[in-house]
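Scroll down for the structure; my scribbles are underneath it.
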Amino acid sequence: MSSPAQLIATNLQALPHPDGTPRQLPGFSSQLLPEGLRSQVQQAATDIGDAIIYLLESNGYQVTDQPRQPTQTSETPRPVANVICHHCDTRVLQLNISDPARVMTGHHFALTECPNR
């Protein structure tokens, strides 16, 4: 199977969308399934990934194994907020900020335990 088909198969349970909200296809979530059923769901996702690549290529679209290089866009990147553990200075969480005007700065929240200890 080609890597684009594998990428599709791996992401069928929650397909990323340009608006930032993944499109959920819970029928392809196999994490909590028994092993036999999990492998059937994974095989179906693999078959669908291969079929999508075949559909695109048979209709004249070129699909390659090489990811496209990122391009500079005129869109301003969203600001990011980092949550840092003050015990060990490790980033615990990173959040994309959709509305910077609503972010309060200068506040400190204490973790009860360092997650890295």
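The values are calculated or read from the model by the stated rules, or taken from the named source; none is laboratory data. As the structure is a computational prediction, the values presented were derived from the model and not from experiment. When we count neighbours, we look across all protein chains shown, and the Cβ atoms used for this are built from the backbone with ideal geometry, even at glycine.
Just a few scattered comments:
- Filter result for residue 60 (at pLDDT 70 or above, under 22 Å from the mean Cα position of the chain (by Cα) and on the phi > 0 side of the Ramachandran plot): no
- Condition check for residue 27: closer than 10 Å to residue 12 by Cβ, in contact with a helix residue (DSSP H, G or I) (Cβ under 8 Å, 6 or more places away or on another chain), surrounded by 12 or more Cβ atoms within 10 Å (Cβ to Cβ) and not basic (Lys, Arg): no
- In this entry, residue 96 passes the filter for residues that are in contact with a strand residue (DSSP E or B) (Cβ under 7 Å, 6 or more places away or on another chain) and modelled with pLDDT under 80.
- Some residue of the stretch 1-14 being surrounded by 12 or more Cβ atoms within 10 Å (Cβ to Cβ), of a type in the set (Gly, Ala, Ser) and at pLDDT 85 or above: yes
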